[in-house]
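One structure is given here, and the rest of the page talks about it.
None of the figures in this text is laboratory data; all of them are computed from the coordinates on show. These numbers were taken from a predicted model, which means no experiment stands behind them. Because the Cβ atoms are built from the backbone with ideal geometry, glycine has one as well, and the counts that use them run over all protein chains shown.
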Amino acid sequence: METNFDLAGRVALITGGSRGIGRGIAVALASAGAAVAVNFRSREDEAAQAVADIERVGGKGIAIRADVAVRSEVESMVDRVTAELGPIDVLVNNAGVAVIRGLDDITEEDFDETLAINLKSAFLTIQAVAPSMRERGWGRIVNISSVAARGAGSVGVHYNASKAGLEGLTRGYAARLAADGITVNAIAPGLIDTEMAAPLKEAGVADRIPVGRIGTPDDIGRAVLLTISNGFLTGQTIAVNGGGSFL
Ligand code: NAP
């Protein structure tokens, strides 16, 4: 049985791959042999660091600025990755925002922005990459959800809705792309040690995690590799949360 999953010759695009969980995923895919494009929106220096991390594990990486909530920017990004690395085989929709809002201070703008960045973005990227994956008869799509898709969470109802929507999108695309050799899954992390999670870490949420520690971007990178290595696994959400729904 072949056990080492090899992505040599494959091209991956990680949205929000410049830091946090996305960078962990980028390094994991590069370690498995993929050429990796890391997307970012504003922090170019972090994206350069991610490319350096990819090169440190012997991989090839490029950084691409694009706002994933804007169709024209997503299309240009996909065109650039295709021109510089080749057609995209692995798409990881990871870019997201978690603006903490209570019941009484959430605004319509908060709701719209969160849905655009966390949910519409995945629709835009999948629309842009799926035709080429279908033509080639192989593709792997992973959407980064959250335990907040099913639990109450600590961010707000806008975040709950965006991640629950992302899991619905995952199942919808999985069913429609399965016959083309393309799997579509979601990973729902618990608390992972990144800038986004800092307020929750300070609030002591980590103390309630059954395995006794906060998660790392590397934990999620490994989960992405596991998910895409199995062509019979599609339409699923895999919880990677240290053993509990605690957010
Ligand atoms: P993070 O540290 O805040 O990093 C967010 C990344 O997304 C950055 O690379 C950022 O780029 C990028 N980004 C944000 N908005 C973007 C946009 N409109 N267009 C393109 N890129 C954009 O977040 P994280 O903790 O790594 O979270 C990554 C994903 O995991 C998110 O979807 C989040 O909801 C999910 N998640 C996180 C946790 C956790 O505990 N950390 C738990 C469950 C789920 P710039 O730096 O250029 O802004």
State the answer as a single residue: which of Thr15, Ile126, Thr194 lies farthest towards the positive end of the charge dipole of the chain, with beta carbon charges of +1 for Lys and Arg and -1 for Asp and Glu, about the Cα centre. Ile126
Taking only the Cα positions of segment 11-240, the convex hull volume per residue in Å³ is 116 Å³
If I stretch the segment between Val57 and Phe232 completely, what's the gain in nm (0.36 nm per residue apart, minus their alpha carbon distance), one decimal? 60.1 nm
Sorted by Cβ density within 10 Å, fewest first, the residues Tyr159, Tyr173: Tyr173, Tyr159
Restricting to Cα pairs under 8 Å and 6 or more apart, the percent relative contact order of segment 158-247 works out to 40 percent
Quickly work out the Val99-to-Ser132 label distance, labels modelled 7 Å from Cα along the C-beta direction, and quote it in nm with one decimal. 3.2 nm
Could I have the simple spin-label model distance between Arg80 and Ala152, label points 7 Å from Cα toward Cβ, reported in nm to one decimal? 4.2 nm
Express in whole angstrom the spacing between the alpha-carbon centres of segment 21-47 and segment 93-170. 19 Å
The chain, relative contact order in percent, only Cα pairs under 8 angstrom and at least six apart counted: 19 percent
Once a ≥ b ≥ c are taken as the square roots of the eigenvalues of the Cα gyration tensor of segment 156-247, is the result rounded (a/c under 1.5), prolate (a/b larger than b/c) or oblate (a/b not larger than b/c)? prolate
